[in-house]
Every structure is written in C-alpha cells, then in structure tokens.
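The values are calculated or read from the model by the stated rules, or taken from the named source; none is laboratory data. Everything numeric here is computed off the predicted structure, so don't read it as measured data. Glycine also receives a Cβ, built like all others from the backbone with ideal geometry; neighbour counts cover every protein chain displayed.
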Amino acid sequence: MSGVGGLRNVEAWRTRIPRYRFLGARCKSCGKLHYPPLKACPYCGSRDLEEAQLPRQGRLLAFTSVYSVEEGGREESPIFVGLIDLGVARVVAELTDVTDPSRLAAGIPVEAVFRRISEEDDEGVIVYGVKFRPVPGAGEGD
Ligand SMILES: [Zn+2]
C-alpha cells in the first residue's frame, strides 16, 4: 500500500466532496460558531445548529509543542498545536509545514489546509482533516 499521491487526491477531493470543505456548526439560537461541529451548543444548550463555512485564514493566538505523539501517529516529533483566531470562532488545530519553529509566534497569519490525519485504517481509508500552516511568505523577512 502506498500513500504516494495523497496530496493530489486532497486537491481533487476538497473541491468535489463537501465533506472536505472547512465546516463548523452555527447555533441558530445564539449565533455562536463551533469547530469541530457540535450537535448541541455548549453556550446556550440549543440543539438547533446548522453547517457553516469557516474562514480559511486566521491568526495564531498561541501554540504549544507536543513531544509524545499517540501510537499510530506520525514519527515526527514534536508536532505543534495552535489556538487560532478565525474572527468568527477560535479553533484548536495541529500546525503543519512548520519548517522553522522559531518563526511561530502569536499574531502570525495562518491558513487551513487539508492534510493526512492518520494512516490507512482496516478498510484502507486514509483520513484527512484540517490543519493550519503559516501563510507562506507572510511575515518573513526573506
Ligand atoms: Zn447557542
């Protein structure tokens, strides 16, 4: 089995399969946006939520490095996990494409990308999900 070509598949999927849009859930009662989507709003308790497209770009508020990656995870360590302000919502997500950790800082622009989350499961399905990467070229002096 080979995962080669995965990124190309992601490019195709994210335009063709709605599941690969960056969706959260908006509470119809209080208007709060949640990501990942929830079945009930933790703020007001309403169960009346609808799908909502989330902005793909935001700003990194804070981040941490994680050195113990759960079994079955990637070999690389550490991974970086960030708190990201999308304006309409704040999300916690893995940061990817971090080539130089010293450039991670509160306030840098980041954008959502679809990346492999886990290897193939028993049915041969490779799971993809949203991660955030520093916006290429933004805030860099070179
Ligand atoms: Zn609510």
**Message:** Could you list, ordered by first residue, the pairs with Cβ atoms under 8 Å in which the first is in the stretch 113-142 and closer than 15 Å to Q57 by Cβ and the second is among the hydroxyl-bearing types (S, T, Y) and modelled with pLDDT under 80, at least 6 apart or interchain?
**Reply:** F114/Y20; F114/Y128
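Is there a residue in the stretch 49-56 that is closer than 20 Å to G137 by Cβ, touching a Lys or Arg at 6+ places or on another chain (Cβ under 6 Å), modelled with pLDDT of 90 or more and more than 14 Å from the ligand (Cβ to nearest atom)?
No, the conditions are met nowhere in the stretch 49-56.
For every residue, the table says whether it meets (1) modelled with pLDDT under 75; (2) within 16 Å of the ligand (Cβ to nearest atom); (3) in a loop (DSSP other than H, G, I, E, B); (4) surrounded by 18 or more Cβ atoms within 10 Å (Cβ to Cβ).
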position	(1), (2), (3), (4)
V4	yes, no, yes, no
N9	yes, no, no, no
G24	no, yes, no, yes
S29	no, yes, yes, no
T64	no, no, no, no
E70	yes, no, yes, no
**Asked** Which residues, taken from the stretch 72-108, are in a loop (DSSP other than H, G, I, E, B), at pLDDT 95 or above and not hydrophobic (A, V, I, L, M, F, W, C)?
**Response** G107
**Asked** Which ones in the stretch 109-142 are within 18 Å of P78 (Cβ to Cβ) and modelled with pLDDT of 85 or more?
**Response** V110, K131, F132, R133, P134
**Complete:** Flagged in the stretch 34-48 as in contact with a strand residue (DSSP E or B) (Cβ under 6 Å, 6 or more places away or on another chain) and within 10 Å of the ligand (Cβ to nearest atom), in numbering order, are H34, L38, C41, S46
**Complete:** A careful count of residues in the stretch 25-59 that are more than 16 Å from A93 (Cα to Cα), in contact with a Gly (Cβ under 7 Å, 6 or more places away or on another chain) and not aliphatic (A, V, I, L, M) gives 0
